[in-house]
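Everything on this sheet refers to the single structure shown next.
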Amino acid sequence: MDDVQGVIDTEQAKTVLRMLLEEEPCIAWATDSNLRLTSLLGAPQTVSRLPRNLKVGRTISDAFQKAASDVTAVDAHRRALSGKAIHLDLILSGRIYCTYIRPIKDDNNQIVGCLGFAHDVTDAFRTKGELIAERNLLQNYLDVANVIFVVLSREGNILLLNQKGYDILGYEKDSLLGKNWFTTCLPTLFRDHVRDVHEKIMSGELELFEYYENPVQTRSGDQRVIEWHNTLLTDSMGQRTGSLSSGIDITERHQAEEALRKIHAEMEQRIVERTAQIAEVNRRLQNEVQERQRVEMKLRQGYEELENIYNSTVDGMLIADAGTKRFVRANASIISLLGYSEEELLSLSIPDIHPAGELPRIEEHFGGLARGHITTLSNCSVLRKDGTVFYADIAGNKIDYHQSLCCIGFFRDVTERKEAHETLQRNEQILRRLLDASDQERQLVAYEIHDGLAQQIASAKMYFDTFKDLIQTDVHDRLKTMVPEQAEKIFAEGVRLLGDSFIEVRRIIGELRPLVIDEEGVLVAIEHYVRNPRFHGVLQIDFHHCVNFDRLTPPLENALLRIVQEGLRNVQKHSQSQKVRVELVQEGTTLRMEIQDWGVGFDVQAPRETGFGLEGIRQRVRLLGGLLQIDSVPGCGTRILVQLPVEEREKKQEPR
């Protein structure tokens with residue numbers, strides 16, 4: 001009865017083993033002491049891939065006769081017959097098998113054959129290679145970025161620091177991994193505070209600061225100020241495991257050409273662990289599958305993290321094929337900058353996003369990238385979909401993307417910087433011209449004083465000196481030489497010259513700043529100016545006003561008068577018009593001034609050397625927060641429209 005039960009148990013064991021082998025890509029076999037196959041079990045699909053001669057009844061030597069791997073298989077069986085347990089990887093029909101061969105012993109402990117087991121691990125090896133290739137590709141993206149990337153653990157230890165970080169900090173590559181960021185890379189003054197904030201964020205007491213600035217300390221002891229953008233790293237349960245920060249060296253913003261590099265040391269370690277687990281496949285088949293899934297999940301998370309970095313970086317990024325120059329990859333920032341959809345952008349090539357005049361420089365830059373040169377283009381013009389142009393600094397490098405030679409470019413929008421620089425240059429030119437005009441005005445005043453006022457005063461002094469000599473001479477001699485009427489005439493002439501000098505002084509003062517504007521206000525000052533005798537018979541001036549204010553602030557009153565003066569000078573000098581209309585109207589809290597002539601006019605769009613008159617009006621309006629509009633057509637006259645906010649002067653309280 002026991003013998004029957006033993007047979008039944010053996011048959012059940014064979015059935016279970018056969019079912020197991022048919023579920024997995026595995027085979028099992030046994031030989032006798034002559035290495036003749038006595039049994040061969042496995043799924044039909046797996047067995048069909050084996051050498052044709054590998055059948056029950058044939059020897060191992062008959063089945064393996066040709067390839068070097070076959071010789072290895074025969075040698076492994078012979079070594080098993082000597083009492084050794086053999087583990088090796090066999091390549092059969094292009095498939096990789098993790099193989100174990102052990103000796104079979106009888107009840108007398110004598111070796112009577114071999115027992116073999118093999119697991120097809122081809123797909124696992126291929127998956128490992130693909131994941132490594134994906135990881136290397138994503139790391140290449142970081143190699144050309146121009147910002148620091150650092151990953152810190154909960155304790156503040158450095159888990160990852162890219163090449164840009166090592167360049168800025170002055171350390172050898174990988175020398176900071178595992179070291180404490182706060183102790184190694186922060187100045188003593190800030191170290192404890194930043195560490196305390198990090199610990200509170202990791203414990204959940206504080207929310208993460210998405211943006212902040214703080215100095216770091218280089219190996220040489222220098223300090224660099226870094227602008228950080230941060231995000232939390234969490235595990236699958238949502239627990240905070242560390243932080244990922246990207247930083248830009250704002251101490252020297254223009255030095256942005258170094259590439260990003262991210263070393264994923266944990267990934268490599270997990271791949272090694274996974275490879276070791278594959279070696280134990282006969283004992284832990286189910287555990288190996290679970291471990292592989294875990295590692296793949298981590299790799300996908302790493303890929304997604306790098307993908308998020310790629311898509312969330314502020315700078316635009318484009319990848320173009322080195323041969324066709326067509327775009328093969330674009331991040332969200334460049335799509336937003338150019339105004340295309342991703343599908344539209346990937347149908348374009350490099351010449352499609354640059355003006356024709358910029359293409360020679362672009363072609364030279366792209367050719368240098370394809371040859372392996374890391375270069376940067378400054379203030380490069382780029383075309384948007386709507387035809388507008390913005391300016392960018394473009395840093396690039398050569399990369400291998402999907403097994404093709406490509407070039408990656410980083411686009412930083414510098415349009416505002418360029419416009420600010422051009423505005424600064426224009427303001428400098430205006431300032432120089434204002435200074436020149438001021439010097440010229442002083443020179444003209446000096447000429448007028450020298451040729452007019454000074455001459456009149458000098459003549460008056462001569463007359464009074466003569467009169468003084470006359471009245472100090474002896475009476476007898478005076479009566480002999482001159483009659484009293486002549487002395488009176490000399491004195492009267494001196495008085496007349498002094499009177500003319502006084503009139504000339506008032507005229508010069510009126511030209512510089514009429515006293516009437518301080519005494520009576522801007523309306524009376526404009527009335528007084530348009531009635532200047534210089535315009536009589538030359539220019540008919542109609543001045544109309546409708547205002548509610550009493551007095552305006554001195555800067556505003558002075559600006560209105562100066563605008564009228566400059567406008568009328570322009571009319572008199574350039575327009576050839578014999579009539580001009582000046583209008584000042586208050587509309588609520590806004591003053592509207594118009595100066596209209598019916599002269600020769602000009603083309604406001606045509607390039608020309610701007611005179612100081614219109615430029616002076618423009619600058620006065622700008623400084624007072626107003627608006628200026630100049631309408632003119634050749635042959636149809638010119639209209640200058642100025643709008644300024646009303647600023648009334650505070651009335652002085654009467655004494656009680």
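The values are calculated or read from the model by the stated rules, or taken from the named source; none is laboratory data. These figures come from a predicted structure and were not determined experimentally. Glycine also receives a Cβ, built like all others from the backbone with ideal geometry; neighbour counts cover every protein chain displayed. Please note that ligands, DNA and RNA were not included when accessible areas were found on the heavy atoms of the full protein model with its side chains. Shrake-Rupley method; radii C 1.70, N 1.55, O 1.52, S 1.80 Å.
Observations on the model:
- Segment 176-197, residues that are touching a strand residue (DSSP E or B) at 6+ places or on another chain (Cβ under 7 Å) and free of Cβ contacts under 8 Å to residues at least 60 places away in the same chain: LEU176, GLY178, LYS179, ASN180, TRP181, CYS185, LEU186, PRO187, PHE190, VAL194
- Segment 92-106: number of residues that are within 60 Å of the chain's Cα centre (by Cα) and surrounded by 15 or more Cβ atoms within 10 Å (Cβ to Cβ): 7
- Consider segment 349-377 and keep the residues that are open to solvent by 30 Å² or more (accessible area, probe 1.4 Å) and in a loop (DSSP other than H, G, I, E, B). The one that is modelled with the highest pLDDT is PRO355.
- Restricted to segment 107-225, the set of helices (runs of 4 or more DSSP H) holding at least 3 residues that are open to solvent by 60 Å² or more (accessible area, probe 1.4 Å) and modelled with pLDDT under 85 comprises 122-143.
Residue-by-condition table, conditions (1) exposed (fewer than 14 other Cβ atoms within 10 Å of the Cβ); (2) assigned to a helix (DSSP H, G or I); (3) without any contact (Cβ under 8 Å) to a residue 24 or more places away in the chain:
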residue: SER347; (1), (2), (3): yes, no, yes
residue: ASN379; (1), (2), (3): yes, no, no
residue: ASN397; (1), (2), (3): no, no, no
residue: LEU405; (1), (2), (3): yes, no, no
residue: GLN425; (1), (2), (3): yes, yes, yes
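- Residue, nearest to ARG531 (Cα to Cα), within segment 563-582, restricted to residues that are open to solvent by less than 40 Å² (accessible area, probe 1.4 Å) and either in contact with a Lys or Arg (Cβ under 8 Å, 6 or more places away or on another chain) or not aliphatic (A, V, I, L, M) (or both): GLN565
- Test for VAL524: is it aliphatic (A, V, I, L, M) and either open to solvent by less than 50 Å² (accessible area, probe 1.4 Å) or part of a strand (DSSP E or B) (or both): no
- Condition check for THR251: within 13 Å of ARG154 (Cβ to Cβ), hydroxyl-bearing (Ser, Thr, Tyr) and open to solvent by 60 Å² or more (accessible area, probe 1.4 Å): no
- Filtered residue count, segment 218-228, keeping only those that are free of Cβ contacts under 8 Å to residues at least 40 places away in the same chain and touching a strand residue (DSSP E or B) at 6+ places or on another chain (Cβ under 7 Å): 4
- Number of residues in segment 307-341 that are part of a strand (DSSP E or B), open to solvent by less than 50 Å² (accessible area, probe 1.4 Å) and either of a type in the set (Gly, Ala, Ser) or more than 30 Å from ASN230 (Cβ to Cβ) (or both) equals 5.
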